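S.K.: Please read through the structure below; I'll follow up with questions.
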Amino acid sequence: MKPRKSHSGFTLIELLVVIAIIGLLLGILVPVLSRARESGRVIVCSSTLRSLFTVHYSYFAEYGELLPDSIQDPEMRPWYTFDYVRTRLGLAPLSQEYKIPSAPQEYKPSYPRKFICPSASYALANGEGGLYPINRSYGVNVHVYYLPVTVRRRLFKETAEHVCLADALDWWFAHGHCDTYLTYGERWIGGSPYPTLGTPAFRHFDRANAIYWDGHCQRVDPNEMKDGLRIWD
């Protein structure tokens, strides 16, 4: 009688077990890797915020004024188009066509990718010639611009309580545009107390990076963000 030949291959059950184990491991590792990647983006974003804050603070210290913004400037120029800002970020001044739009929402993109929040999917997906719309990534607390200079100087008394900038759409844009960003996986919160002004994005684990006038940066949820703005009422 001839001896039976042994089979070196896997059985169907063994293959299914291996596939199940691989699937289980992927199910565990993918969320962990995703969170680790987003944690890295949070760090990059907060670093960029510090650079932008330094420009705002140095202007405030040098001139005793906040940077002019579109709601104050007769030519409707936001803070990020000013040569003062660009020069201190190592960028060339803007040409006139970039400075004067037909409407505030139509500013051409004017900042390199490194100055955009790495989680700002919409802004990064709509670049133009390697330049990206910073006003779809970072926003200044424009509510302070409505107040007299004497009131603004309260900043130095309560600097840790007042938001300067945040990882957000420029806050004077109407929140009616937020549906556009949902298609890019970005969460936007509008409504009370500022139905047309309070539209920060919460890209980092449902929180937004915010930097205060004392220079500290932290992630805040929607309620904390609104509290940081409401103090100016």
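S.K.: Contact list please: Cβ distance under 6 Å, first residue in segment 204-233 and over 15 Å from ILE43 (Cα atoms), second residue at pLDDT 85 or above and of a type in the set (D, E, K, R), pairs at least six apart or on different chains.
M.R.: What qualifies is ASP221/ARG207.
S.K.: Can you tell me which residues in segment 154-174 are more than 19 Å from LEU49 (Cβ to Cβ), outside any helix (DSSP H, G or I) and at pLDDT 70 or above?
M.R.: Within segment 154-174, LYS157, GLU158 qualify.
S.K.: Residue by residue through segment 44-95, note down the ones that are among the hydroxyl-bearing types (Ser, Thr, Tyr), more than 22 Å from the chain's Cα centre (by Cα) and assigned to a loop (DSSP other than H, G, I, E, B).
M.R.: Listed by number, the list holds a single entry, SER95.
S.K.: Take the residues of segment 63-93 that are aliphatic (A, V, I, L, M), in contact with a helix residue (DSSP H, G or I) (Cβ under 6 Å, 6 or more places away or on another chain) and surrounded by fewer than 19 Cβ atoms within 10 Å (Cβ to Cβ): which is modelled with the lowest pLDDT?
M.R.: ILE71
S.K.: Would you pick out the residues in segment 130-153 that are outside any loop (DSSP other than H, G, I, E, B), at pLDDT 70 or above and aromatic (Phe, Trp, Tyr)?
M.R.: Selection gives TYR132 alone.
The values are calculated or read from the model by the stated rules, or taken from the named source; none is laboratory data. All values derive from a computational prediction rather than experimental measurement. Note: ideal-geometry Cβ built from the backbone for every residue, glycine included; neighbour counts use all protein chains shown.
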